[in-house]
Amino acid sequence: MTRGETQPRDEESLGARFQRGEDDALHEMYRRYAGPMFVTAISLLGDREQAADAVQRAFVQAWRAADGFDPSRELKPWLYAITRRAAVDVYRRERRSAGHVSLQVVREPSDDGPSMDRIWRSWQVREALDQLSRDERQVLELAYFQGLSQSEIAGKLDIALGTVKSRTSRAQRRLATLLPHLRETAQAVAS
């Protein structure tokens with residue numbers, strides 16, 4: 001970061017720098033997206049080594065295709081698609097090397113496994129949670145991931161119940177502004 005620059009470069013400028021082939025843009029993309037890409041790959045492959053291979057392949061493919069990237073588009077969905085294709089390629093390669101030649105296309109996981117939409121929503125929610133303050137994120141994680149009541153959260157964090165309620169309310173409002181498309185999708189499915 002240069003002197004006087006207070007905020008990281010925004011998504012659009014990262015995409016433009018990446019499209020121009022700037023090395024620092026690739027490093028920044030890796031820092032931002034390697035984790036969520038790994039989560040996507042491991043959800044599809046179920047193997048950490050194969051998932052890491054898929055992420056590496058995805059970054060190589062993205063770098064090779066950088067000049068064709070449209071910087072007016074978001075990087076996340078583009079990288080997600082590349083990661084998915086790389087995971088399918090790794091899966092097929094592993095199947096061939098194991099002596100199994102399958103003519104079937106890799107299908108979406110069944111209802112008992114994670115769907116691509118669920119993985120994508122999880123990625124988006126995780127990124128939105130990362131934008132919350134530590135205090136707000138903490139109360140939501142305790143409530144939704146550990147199933148604690150607001151009273152239990154207050155006791156665990158040694159803070160007033162009213163503080164838990166206000167942090168929860170603020171965090172939920174912030175998530176609603178960060179993820180409006182998920183609410184619209186849920187409403188469309190319900191109707």
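Where a number appears in this text, it was derived from the coordinates with a stated rule and is not lab data. Values in this document were obtained by computation on a predicted structure and should not be read as measured data. Cβ placement follows ideal geometry from the backbone for every residue including glycine, while neighbour counts extend to all protein chains displayed.
Set the Förster radius R0 to 41 Å, insert the Cβ-Cβ distance between Leu161 and Glu22 as r into 1/(1 + (r/R0)^6), and round the FRET efficiency to 0.05.
Result of the calculation: an efficiency of 0.25.
With a 10 Å Cβ neighbour count serving as the proxy for reagent exposure, in which order, fewest first, do Arg167, Arg85 appear? All intermediate terms of the calculation are to be shown ahead of the outcome.
Values: Arg167 22, Arg85 14.
Going from least to most buried by this count: Arg85, Arg167.
Using Cβ counts within 10 Å as a stand-in for footprinting exposure, how do Phe69, Phe18 rank, fewest first? All intermediate terms of the calculation are to be shown ahead of the outcome.
Numbers: Phe69 17, Phe18 23.
Ordered from fewest to most neighbouring Cβ atoms within 10 Å, Phe69, Phe18 come out as Phe69, Phe18.
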